[in-house]
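**Q** Quick one: structure below, then a few questions.
The values are calculated or read from the model by the stated rules, or taken from the named source; none is laboratory data. In this text the structure is predicted, and so the values were computed from the model without any measurement. All Cβ positions, glycine included, derive from the backbone under ideal geometry; neighbour counts span all protein chains shown.
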Amino acid sequence: MEKKKTRTSFLRIFLLILAIFISFGAGIALGFVGGLVKDQPVLDQKEMKEQINNISKNSEVYFGTGEKLGTLNSELIRKTVSYEDLGENVKNATIASEDSDFYSNNGVEIFGLIRAVYSEVTGAHTSGGSTITQQLVKNQLLDNSRSYERKSKEILLALRVDNHFSKKEILENYLNVASFGKNSLGQNISGIETAAQGVFGLHAKDLNVAQAAYLVGFVQSPYRYTPFDNAGNIRPDEELQAGIERQKYVLSRMKANNFINSSQYKEALDFDIKGSFTKQKVEEYTEYPYIRDEVTASVAEILAEQTAVKNNRLQQFRNNATYRAELIEKSKTKFITGGYKVKTTLDKKLYDKLQETKKQFESYPASYQNGTTYPLEIGASVIENDTGKVLAFIGGMNYKKQQLNHATRTKRSPGSSIKPLLVYGPAIDKGYITPNSTILDKRFNYYGWTPENFTRIEYGYISARKALAQSLNLSTIRLYSAFVNEDPVKEYLEKMEFKGMTETDHTSLAASIGGMSYGVSVMENTSGFSTFANMGEHKKAYIIEEIRNNDNEIIYQANHTPIRVYNDSTSYLILNMLNDVINASYGTSADIAKQLNFSSKNLFVKTGTSEYYKDLWVVGGTKNITVGVWNGYDKPATVPSYDYAHRSWAAIMNAIYSYDSKLVSPDVAFTRPNSVIDFSINPYNNAKGSVSDMIPNGFVELTKEKILAKLGFSIDKDLTFGEPKSIMEKIIKTKTKMIKIKIKMKSLIVIHLMTTLMTNLFFIHYET
């Protein structure tokens, strides 16, 4: 009996100590959580309901010229339903798989939290600790960041929401705001009713057990489990399997929670879910799908970056692709449903004019590959030089067939169009050449790489002006080899916001003729050439002018600081050289001048083709605007002729001119800066010589090493220090010889004339 009393006393003491420790630990935990959420604003019931129910405020978009583009409600589709119209199968599937104690908990499930903490501390994989209420809070009131602070706020707000809302309201709102991936049109969808109609062609209340379990499974990873791709096509069976496996899990939870019996469970497993997908396709109703997509993507990036800054996670946003993608995706939903007003830079009439113009390109040849027809696509952009505003663009030939924006969201090899930006501009900037400097166009074998000119001819010693106008590869690569180790990709291209350059692109000689890992977008290329038109200052190309929130407060205003990339002298000289491309007989786009409805005398142009004619480029413009055009196939293949891009660019320029001739202003010349002077140079070493040239003021004579570098000595060991000098001596000797021959010929002519005259006088005298 005494032993029993002792054991009882010991147990009481142990429980008392345990209770003290638990209370102490709970106090510390509560204090820690309290510290994390101390800055969280306390929302009253009205404010909380407004935010929780904020699911239907469509955002509006306006052209820069003031016209309303429309509401952005087609990229993300949502239809809301009441609790009664959710359907019992949907309710049961949701509760079973997401929060089996939903009707009894207070918004937070203690054992779920313990599992989550254990998982965080140990790294073990356990089931999630978030209730339906917590998930609703995360979707509507917080961001997707992973931190103790965010989780603590989630718990606090979940308790408040559970206190202010009925369970019916919470479940109704949760299923109306949840993302469900893509519908049969490839559109992003939210809400169980939208998902039911978009995936099965049914109302939510009419879904059977298998269909309800399949859709409810999406909420944990909608874009992984969704059965449709961006074009609205059913994904391959191997990709569908992930959604099927998730459905099986939901069904098992429904059976475990007695929402269905064994017979219903087996029937649901045997149901042909793929066979029940809707076949319905509806017409795209927006007039401006390319603008809608571009604005949505651009605004989402802006809002996501603002959120990252607010959460002190900007570096993670820039460097962590997963976090960036998640935050941008959430920002898309936030934008489309948040009642924002967006002003773009786009000129409606000009945009419409270009869409009409592209119809004349429908006759361009298609590519037939493995039973699939690929039309010759187009991407084009029009940028206002003074501001960087994108006035108009062409995203593609037909949005219904291809949703890719070929002006902004695709990258292709720039071919020779990159030469002024990466080679000739930097070479002038760094003092290697002037427009009339001599460079060497000669074949080489650089570690097995043996490039060729388009003509398969090498031109020997040639002026930089002609090499650029004729778009010669050999001389360009040789010149680039002179300074590639100075990283011109970083120094020039990346300053102009060329994105996605790889480590290889920074060091590869092939980059000088467009051989890049991913290539460039039309917008990037056009914006780069606009830098020359701005006398070396890069003004970032942009489409989003202003963003206002639902309270009409400006939360974003475009304000891009210009960046000096090239000297003004360099820019003027490059523009002068690019004028030869279209106006000199040897230029690669001399044919374009004949197609224009206005004078080409003040235009600058550069063409480009990638290997095997897979990408065709023309980029150029006037003092006011720069226009870039790309033609090619979405599945790269040879385009029959380079002239398709020439025709496209000329047609677009003519369309702009017919819309507003002042916008083009072809008769306005670029102002020559004081930093450019006329001088006579030695074309090999830039010293004083006999060749008339325009050069940057303060140009210095090259060293022997720089001469060799300019001529590609590093990739051609046969060159010697004496060769440039000997060539010059040869030229001088040849000129001297020609002068002597001319003098001799003139002397002979004079002697002949004098002899004839004397003979005639003799005969006259004799006859007399």
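**Q** Residues that are out of contact with any His (no Cβ under 8 Å at 6 or more places or on another chain), among the aromatic types (Phe, Trp, Tyr), under 17 Å from Lys274 (Cβ atoms) and not in a loop (DSSP other than H, G, I, E, B): does segment 170-177 have at least one?
**A** no
**Q** May I pose another question? Is it the case, given these coordinates, that Glu356 is within 19 Å of Arg647 (Cα to Cα), surrounded by fewer than 18 Cβ atoms within 10 Å (Cβ to Cβ) and in contact (Cβ under 8 Å) with a residue 12 or more places away in the chain?
**A** Details: within 19 Å of Arg647 (Cα to Cα): yes; surrounded by fewer than 18 Cβ atoms within 10 Å (Cβ to Cβ): yes; in contact (Cβ under 8 Å) with a residue 12 or more places away in the chain: yes.
In short, yes.
**Q** Does Leu207 meet the test of being among the aliphatic types (A, V, I, L, M) and either out of contact with any Lys or Arg (no Cβ under 8 Å at 6 or more places or on another chain) or surrounded by fewer than 22 Cβ atoms within 10 Å (Cβ to Cβ) (or both)?
**A** yes
**Q** Out of everything in segment 536-557 that is of a type outside the set (Gly, Ala, Ser) and surrounded by 22 or more Cβ atoms within 10 Å (Cβ to Cβ), what residue ends up being nearest to Ala392 (Cα to Cα)?
**A** Ile543
**Q** If you take the residues in segment 505-522 that are touching a helix residue (DSSP H, G or I) at 6+ places or on another chain (Cβ under 7 Å) and assigned to a loop (DSSP other than H, G, I, E, B), which one is surrounded by the fewest Cβ atoms within 10 Å (Cβ to Cβ)?
**A** Ser517
**Q** Just to verify a result, which residue in segment 392-404, among those that are under 23 Å from Tyr613 (Cβ atoms) and touching an Asp or Glu at 6+ places or on another chain (Cβ under 8 Å), is surrounded by the most Cβ atoms within 10 Å (Cβ to Cβ)? Walk me through how you get there before you give the answer.
**A** Taking segment 392-404 as the starting set, the residues that turn out to be under 23 Å from Tyr613 (Cβ atoms) are 394-398, 401-402, 404.
Subset that is touching an Asp or Glu at 6+ places or on another chain (Cβ under 8 Å): 395-397, 402, 404.
On the way: Gly395: 28, Gly396: 22, Met397: 18, Gln402: 16, Leu404: 17.
Among those that are under 23 Å from Tyr613 (Cβ atoms) and touching an Asp or Glu at 6+ places or on another chain (Cβ under 8 Å), it is Gly395.
**Q** Could you identify the single residue in Ile244, Ile260 that is in the same structural domain as Glu98 (by TED's automatic domain parsing), surrounded by 19 or more Cβ atoms within 10 Å (Cβ to Cβ) and not small (Gly, Ala, Ser)?
**A** On the way: Ile244 fails: surrounded by 19 or more Cβ atoms within 10 Å (Cβ to Cβ).
Just a single option satisfies the conditions, and that option is Ile260.
**Q** Looking at His560 and the list (1) within 15 Å of the chain's Cα centre (by Cα); (2) of a type outside the set (Phe, Trp, Tyr); (3) surrounded by fewer than 19 Cβ atoms within 10 Å (Cβ to Cβ), which single condition is not satisfied?
**A** (1)
**Q** Does segment 338-349 hold any residues that are buried (at least 19 other Cβ atoms within 10 Å of the Cβ) and within 15 Å of Tyr659 (Cα to Cα), and which are they?
**A** Leu346, Asp347, Lys348
**Q** With (1) out of contact with any strand residue (DSSP E or B) (no Cβ under 6 Å at 6 or more places or on another chain); (2) crowded, with 21+ Cβ neighbours inside 10 Å; (3) not aliphatic (A, V, I, L, M) as the list, and Asn576 as the residue in question, which single condition is left unmet?
**A** (2)
**Q** Hey, among the residues in segment 435-461 that are among the aliphatic types (A, V, I, L, M) and surrounded by 19 or more Cβ atoms within 10 Å (Cβ to Cβ), which one's farthest from Ser680 (Cα to Cα)?
**A** Ranking the candidates gives Leu440 first.
**Q** Here's something else I'd like to know. Got at least one residue in segment 196-207 being under 22 Å from Tyr399 (Cβ atoms) and either over 25 Å from the mean Cα position of the chain (by Cα) or not assigned by TED's automatic domain parsing to the domain that holds Thr94 (or both)?
**A** Yes: segment 196-207 contains one or more residues that are under 22 Å from Tyr399 (Cβ atoms) and either over 25 Å from the mean Cα position of the chain (by Cα) or not assigned by TED's automatic domain parsing to the domain that holds Thr94 (or both).
**Q** Follow-up. For residues that are of a type in the set (Gly, Ala, Ser) and touching a strand residue (DSSP E or B) at 6+ places or on another chain (Cβ under 7 Å), scanning just segment 611-653, find the one that is surrounded by the fewest Cβ atoms within 10 Å (Cβ to Cβ).
**A** Ala637
**Q** Just to be sure I understand, how many residues within segment 456-474 are in a strand (DSSP E or B) and either aromatic (Phe, Trp, Tyr) or in contact with a Leu (Cβ under 8 Å, 6 or more places away or on another chain) (or both)?
**A** Residues in segment 456-474 being in a strand (DSSP E or B) and either aromatic (Phe, Trp, Tyr) or in contact with a Leu (Cβ under 8 Å, 6 or more places away or on another chain) (or both): 3 in total.
**Q** With under 23 Å from the mean Cα position of the chain (by Cα) and either more than 27 Å from Arg324 (Cβ to Cβ) or among the acidic types (Asp, Glu) (or both) as the only criterion, which of Asp270, Asp237, Asp229 stands out?
**A** Numbers: Asp270 fails: under 23 Å from the mean Cα position of the chain (by Cα); Asp237 fails: under 23 Å from the mean Cα position of the chain (by Cα).
Sole residue among the options that is under 23 Å from the mean Cα position of the chain (by Cα) and either more than 27 Å from Arg324 (Cβ to Cβ) or among the acidic types (Asp, Glu) (or both): Asp229.
**Q** While we're looking at this one, here's another question. Of the residues Asn525, Asn453, Asn552, which is in a loop (DSSP other than H, G, I, E, B) and either modelled with pLDDT under 95 or within 23 Å of Asn385 (Cα to Cα) (or both)?
**A** Asn552
**Q** To continue, here is another question. Residue check, Ala178 against (1) within 14 Å of Leu136 (Cβ to Cβ); (2) over 33 Å from the mean Cα position of the chain (by Cα), all met but one. Which one?
**A** (2)
**Q** Kindly indicate which of Asn597, Asn583, Asn602 is at negative phi, touching a helix residue (DSSP H, G or I) at 6+ places or on another chain (Cβ under 9 Å) and not assigned by TED's automatic domain parsing to the domain that holds Pro365.
**A** After ruling out the rest, the residue left standing is Asn583.
**Q** So, one more: Residues in segment 145-158: is at least one modelled with pLDDT of 85 or more and either more than 29 Å from the chain's Cα centre (by Cα) or of a type in the set (Ser, Thr, Tyr) (or both)?
**A** Within segment 145-158 (the criterion being modelled with pLDDT of 85 or more and either more than 29 Å from the chain's Cα centre (by Cα) or of a type in the set (Ser, Thr, Tyr) (or both)), the answer is no, since none of the residues qualifies.
**Q** Something else now. Filter segment 403-425 for residues that are aliphatic (A, V, I, L, M) and within 28 Å of Asn567 (Cβ to Cβ) and give the result.
**A** Ile418, Leu421, Leu422, Val423
**Q** Evaluate the following for Ser692: is it touching a residue at least 24 places away in the same chain (Cβ under 8 Å) and closer than 12 Å to Ser437 by Cα?
**A** It is true that Ser692 is touching a residue at least 24 places away in the same chain (Cβ under 8 Å) and closer than 12 Å to Ser437 by Cα.
**Q** On to the next question. Taking the residues in segment 700-716 that are touching a residue at least 60 places away in the same chain (Cβ under 8 Å) and either assigned to a helix (DSSP H, G or I) or buried (at least 19 other Cβ atoms within 10 Å of the Cβ) (or both) as candidates, determine which candidate is farthest from the chain's Cα centre (by Cα).
**A** Checked segment 700-716; the qualifying residue farthest from the chain's Cα centre (by Cα) is Leu702.
**Q** Okay, next question. Please specify each residue of segment 333-353 satisfying the condition of being touching a strand residue (DSSP E or B) at 6+ places or on another chain (Cβ under 7 Å), part of a helix (DSSP H, G or I) and assigned by TED's automatic domain parsing to the domain that holds Thr65.
**A** If we filter segment 333-353 for residues that are touching a strand residue (DSSP E or B) at 6+ places or on another chain (Cβ under 7 Å), which is where we start, we get 333, 336-347, 350-351.
Next cut, part of a helix (DSSP H, G or I) only: 333, 336-337, 350-351.
Listed by number, the residues that qualify are Thr333, Ile336, Thr337.
**Q** Can you name the residue in segment 354-383 that is of a type in the set (Gly, Ala, Ser) and assigned to a loop (DSSP other than H, G, I, E, B) and is also nearest to Asp615 (Cα to Cα) among such residues? It would help to see each step written out before you state the result.
**A** If we filter segment 354-383 for residues that are of a type in the set (Gly, Ala, Ser), which is where we start, we get 363, 366-367, 371, 379-381.
Next, only the ones that are assigned to a loop (DSSP other than H, G, I, E, B) stay: 363, 366, 371.
On the way: Ser363: 18, Ala366: 14, Gly371: 22 Å.
Applying the filter and picking the extreme gives Ala366.
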